[in-house]
1. Can you pull out every residue in the range 49-63 that is crowded, with 19+ Cβ neighbours inside 10 Å and more than 15 Å from residue 2 (Cα to Cα)?
2. Among what's in the range 1-40 and is farther than 14 Å from residue 66 by Cβ and outside any helix (DSSP H, G or I), pick the residue that is nearest to the chain's Cα centre (by Cα).
3. Would you confirm, using the coordinates I've provided, whether residue 74 is out of contact with any helix residue (DSSP H, G or I) (no Cβ under 8 Å at 6 or more places or on another chain), at pLDDT below 95, in a loop (DSSP other than H, G, I, E, B) and surrounded by fewer than 18 Cβ atoms within 10 Å (Cβ to Cβ)?
4. Restricting attention to the range 92-112, report how many residues are on the phi < 0 side of the Ramachandran plot, within 20 Å of the chain's Cα centre (by Cα) and in a loop (DSSP other than H, G, I, E, B).
5. Which pairs do you get when a residue that is over 18 Å from residue 36 (Cα atoms), found in the range 1-22, comes within reach of a residue that is outside any helix (DSSP H, G or I) and modelled with pLDDT of 85 or more, reach meaning Cβ atoms under 6 angstrom, with the pair 6+ apart or on two chains?
6. Residues in the range 27-45: is at least one more than 17 Å from residue 1 (Cα to Cα), surrounded by 14 or more Cβ atoms within 10 Å (Cβ to Cβ) and in contact (Cβ under 8 Å) with a residue 12 or more places away in the chain?
């Protein structure tokens with residue numbers, strides 16, 4: 001999932017449209033970072049989830065800076081804002097309704 005977000009953030013915008021279709025750019029950022037936060041939130045205990053959230057916001061910021069080094073992309077502070085909103089929504093879900101979702105799935109489908 002991280003590889004998809006990193007790749008989509010750094011490839012030309014036209015390639016992203018071909019692969020993933022066209023949505024509102026900010027909605028795409030929010031959905032991607034909600035997904036990342038919920039995914040990693042399910043893997044870490046609640047006390048570590050705020051640190052995961054910080055790491056994901058930093059990832060979004062670094063990717064925005066790296067876009068400035070590509071010939072076809074430009075950094076946008078509003079994209080980082082959308083990333084942060086997505087992380088916060090994902091954090092809220094991970095700490096409430098989806099808490100321990102990963103462990104619940106593993107318990108429901110044991111490998112033995």
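The values are calculated or read from the model by the stated rules, or taken from the named source; none is laboratory data. Predicted model, so just to flag it, every value in this text is computed and none were measured. Methodologically, a virtual Cβ is constructed for each residue, glycine included, from the backbone with ideal geometry; neighbour enumeration extends over all protein chains shown.
1. Residue satisfying the conditions is 49 alone.
2. Ranking the qualifying residues of the range 1-40, first place goes to 1.
3. In short, no.
4. Taking the range 92-112 and keeping what is on the phi < 0 side of the Ramachandran plot, we get 92-99, 101-112.
Next, only the ones that are within 20 Å of the chain's Cα centre (by Cα) stay: 92-99, 101-102.
Next, only the ones that are in a loop (DSSP other than H, G, I, E, B) stay: 96-99.
The number of residues fulfilling the criteria is 4.
5. If the second residue must be outside any helix (DSSP H, G or I) and modelled with pLDDT of 85 or more, the pairs left are 12/72.
6. No - not one qualifying residue is present in the range 27-45.
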